[in-house]
Structure formats: structure tokens, C-alpha cells
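Worksheet: the structure to be examined is printed underneath.
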Amino acid sequence: MFSWFKSSSLPTGADIYVDLGTANTLIAARGLGIILNEPSIVAFTEPSPGKRKIIGVGQAAKTIMAKTTGNVMTIKPVRDGVIADFDLAQEMLRYFLSSKQVKGAFSRPRVVVSLPYGVTEVEKRAVIDACHLAGAKQVLLIDEPMAAAIGAGLPVQSAKGCMIIDIGGGTTEVAVIALSDIVYCEAVRCGGHKIDQAIVDYFKKVKRFVISDNTAEELKIAIGTAVPKKEIRLALAQGRDADSGLPRSLEISSEDVGLAMNDALQEIINAIHRALEHTPPELVSDIIELGIVLAGGGALIRDFDLRIRNEVRLPVRIADNPLVAIAKGGELALEDQALLEKIQLPV
């Protein structure tokens, strides 16, 4: 499709890896590690219909979103791991790739980008075009679960099967990998943001207490649990009364947060069951030996590994530093040309 793409033209690997996430964009550079980690948010105004003026990207946009109202709008141009607003995604990528830390490493980088498993040709092209317009010299694509598995230290090039569960902001992907290939992947559009929304909805419906998405995320991180009855913790949250609209504070228990998250977490567990059902028996025996590995921000939900272990009846462990497992995998792929050629997606 793209005549400029020649895998053999990258004899020394690529320069920059981009994890274009729904929640955060991480960039790693060959030999330098992770050099950028910013929220995937753009803040803008619209002085006239159809004309948008960018006033903040990344952390600056997140700060604006928390403090500014009126005519300032904020958008996450990446939703469920793929580009939803091409123009703003292009501006965001251009901003990140033009940042001092990235430009200081490579001026016109050869870029590797990870995408959710099974994206369409249109979605692939949107990412490639956005990267080129943002200054990339060459663009290669790889699957997110493959990058997560590499970053988690799984033997992806081995004939032995391994399972990675990447719980991101927009999606969760349960992938079985062997011989540098994804044998099966079960993807569900359930991740950190859906869990946050479930917490917001629960407290509005059950407690008549309205909280923001940010507060829901803070509660999830501070006291959230996948096993609601175990080791109950408390936290004080600020919000407003759903009936009167007046400001209100409420002491919240981890049991309530766990109950709020329950359906979303069960959706992920159901995806694991489906993936195991579609996995060849000989690879299931390998997974029993190696254990299931959790990556992504959702892996840090308290006792989620324990709940999966109890329901799936397989060993489960959390990857080292699961928040950056995908970026770490992408960084490792940058320096291994043979591996990169095996795992890159056709375009």
C-alpha cells in the first residue's frame, strides 16, 4: 500500500518508539529509555466555527482542563487506543515529537508505533499519516500486546505459549503469543476510563453523590479493590449532592469502590476465559507453567491478580512496572532489528 515502506531499509533498527495511549503518550528513544510521558489531551478554543486554536497539549492541557471553564475545550484525540480526531492527534504528535527531549535525540526519527490488536487499515493509515505530518521519516507499526509482552520479559520468540493481559485506559487485550506471533487475542473496550465511569455512576445512583472523573480515578488508585470484602479501607471524597446540587463530602469505603468496579472487572475476566477457550491445549500447558502476566495501569488495582487467579485457576503475576511495560517493550524492539522485522504489522 505504501511504496516508501521497506523493512530492509532499517538496518540498525528504528529511532523512536511511540505508545499512543488513550490516557497517556509515552515515547522511548533507542539507547536512552523513556524520554516523554504526557497525558494524551489537547486543549483548544474555537474562535470561529471549524477553526480551532491549540492552547495546550499533554500535561499543560490536563492542567487547563482541571482549572478552566468557558470557551476552552479539551479533547482526548485517541480513544480506545486509536485516533478519533485526526487533526488534533496530528497536532499532539507533532508537539510531542518536536519536544526538546525528542528533537535532542533525533531530528527526523524513524518511528515505531504500537496499536491495539486488530485495528483497521484506515486506523493504521491515520497513525502513519499523523506521524509523517508530525515529522517522522519512516513509520512502522506493532501490536500493543506484543510490545507489552516484550516489556514484561516474556519469551515471545520461543515456541512456548505465553499470555499477556494489557489493561490500558481504553481497552484490555488478552493475548496468547508464541514464535513472535499473536496466536489469539481477545480485546474488550473496557479499561481504566470505563472503570472510572463505573465508579462515578455507582456513587450517583447508590449514594446520590456526584463526583468527577478525576476523583473516581483517585479513589480507584487509593482504595479500589477487586475483592470488595477484603481489608476494607476508607477515604474522604469531595463532590456534590445529586438532589440538592450543594457541595458535599463523603467518607467512602473500599468495599463501595470495589462494588462499583465489579462489572467492569468481570468483563475483563470473562475475556480471559474466552481467550483460554480459543487457545490450543499445548499452549495452555505452557501458560500454566509460565503463568498469566498483567500489564497496564489496571494491573495495579489491588488484589486483581488474586481475583483472576481464583476465577481462572492459573498462576498470575504482575509485570515489573506495569504502567510502562508497553513502552519498555517498544524500547527493546528498537534495538533488535531481527525481532522488529518479525513483529511489525503489514501496511
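Computed over the stretch 215-294, the alpha-carbon pair-distance distribution with 10 angstrom bins reads 16, 32, 25, 17, 8, 3, each value a whole percent.
Spacing of the modelled spin labels on Asp181 and Asp263, each 7 Å from Cα toward Cβ, amounts to 3.9 nm. How far apart, in nm, are the 7 Å Cα→Cβ label points at Ile54 and Asp87? It is 1.3 nm. Derived scalar couplings between HN and Hα for the stretch 22-37 equal 5, 8, 9, 10, 10, 10, 10, 10, 4, x, 10, x, 6, 10, 8, 8 Hz in order, rounded to whole Hz, by the Karplus curve 6.51 cos²θ - 1.76 cosθ + 1.60 (θ = phi - 60°), x for Gly and Pro. Within the full protein context, the accessible area of Lys53 is estimated at about 120 Å² for a probe radius of 1.4 Å. As a calculated quantity, the FRET efficiency between Asn310 and Ala159 at R0 = 41 Å, using C-beta atoms, amounts to about 0.85. Normalised by the number of residues in the chain, the average gap of Cα pairs under 8 Å and 6 or more apart makes the relative contact order 20 percent. Each Lys and Arg adds +1 at its Cβ and each Asp and Glu adds -1 at its Cβ; summed about the Cα centre, the chain shows a dipole of about 960 debye.
Using a cutoff of 8 angstrom between alpha carbon atoms and counting only pairs six or more residues apart, the relative contact order for the stretch 11-55 works out to 24 percent.
A Förster distance of 25 Å, applied to the separation of the beta-carbon atoms of Val210 and Arg189, puts the FRET efficiency at 0.50.
Pairs over the 27 Å Cα-Cα cut-off, from the set Lys76/Lys207; Lys204/Lys230; Lys67/Lys229: Lys76/Lys207; Lys67/Lys229. Of interest is the spacing of the C-alpha centroids, which for the stretch 80-151 and the stretch 241-313 amounts to 29 Å. Counting protein heavy atoms only, the stretch 139-244 has 51 percent of its accessible area on carbon and sulfur, 1.4 angstrom probe. Listed by chain and number, the aspartates and glutamates whose alpha-carbon sits under 14 Å from that of Lys53, ignoring those within fewer than 8 places in the same chain, are Asp87, Glu91. Listed by chain and number, the lysines placed with their C-alpha closer than 21 angstrom to that of Lys103 are Lys137, Lys328; residues fewer than eight positions away on the same chain are left out.
Of all DSSP-defined beta bridges confined to the chain, some 70% are antiparallel rather than parallel.
Charge dipole (Cα centre; +1 on Lys/Arg Cβ, -1 on Asp/Glu Cβ; no other charges) of the stretch 107-249 amounts to roughly 380 debye. Sorting the segments 216-222, 296-302 by their mean number of nearby beta carbons within 10 angstrom, highest to lowest, gives 296-302, 216-222.
Residue ranking by accessible heavy-atom surface, 1.4 Å probe, largest first, among Met65, Met146 comes out as Met65, Met146.
Nearest 500 deg cm²/dmol is fine: what mean residue ellipticity at 222 nm does the chain get from its DSSP H runs of n ≥ 4 alone, each adding -39,500 (n - 2.57), divided by its residue count?
Computed mean residue ellipticity for the chain: -11500 deg cm²/dmol.
Looking at Ala159, Val102, Met65, which one has the Cα that reaches farthest to the positive end of the dipole of the stretch 39-160 (charges on Cβ: Lys, Arg +1; Asp, Glu -1)? Checked the options; the winner is Val102.
Taking the Cα centre of the stretch 296-347 as origin and assigning +1 to Lys and Arg Cβ atoms and -1 to Asp and Glu Cβ atoms, the resulting dipole is close to 340 debye. Peptides 82-88, 127-133 ranked from most to least packed, by the mean per-residue count of other Cβ atoms within 10 Å: 127-133, 82-88.
Using +1 at the C-beta of Lys and Arg and -1 at the C-beta of Asp and Glu, which of Val257, Thr225, Ala319 has the Cα lying farthest in the positive direction of the dipole of the stretch 203-347? Selected residue: Val257.
Under 8 Å for C-alpha pairs, at least 6 residues apart: give me the relative contact order for the stretch 16-166, rounded to a whole percent. Here the relative contact order equals 20 percent.
For Pro109, neighbours were defined as the other residues whose beta-carbon sits under 10 Å from its Cβ, and their charges (Lys and Arg +1, Asp and Glu -1) total +4.
Label positions at Ala235 and Leu250, each projected 7 Å from the Cα along the C-beta direction, are separated by 1.4 nm.
For the pair Asn270 and Asp320 in one chain, pulling the backbone fully straight at 0.36 nm per residue adds 15.6 nm over the alpha carbon distance.
The values are calculated or read from the model by the stated rules, or taken from the named source; none is laboratory data. Quantities reported herein were computed from a predicted structural model and do not represent experimental measurements. In this analysis, Cβ positions are derived from the backbone assuming ideal geometry, glycine residues included, and neighbour counts consider all displayed protein chains. Just the protein is used for accessible areas: all its heavy atoms, side chains included, with ligands, DNA and RNA removed. Shrake-Rupley method; radii C 1.70, N 1.55, O 1.52, S 1.80 Å.
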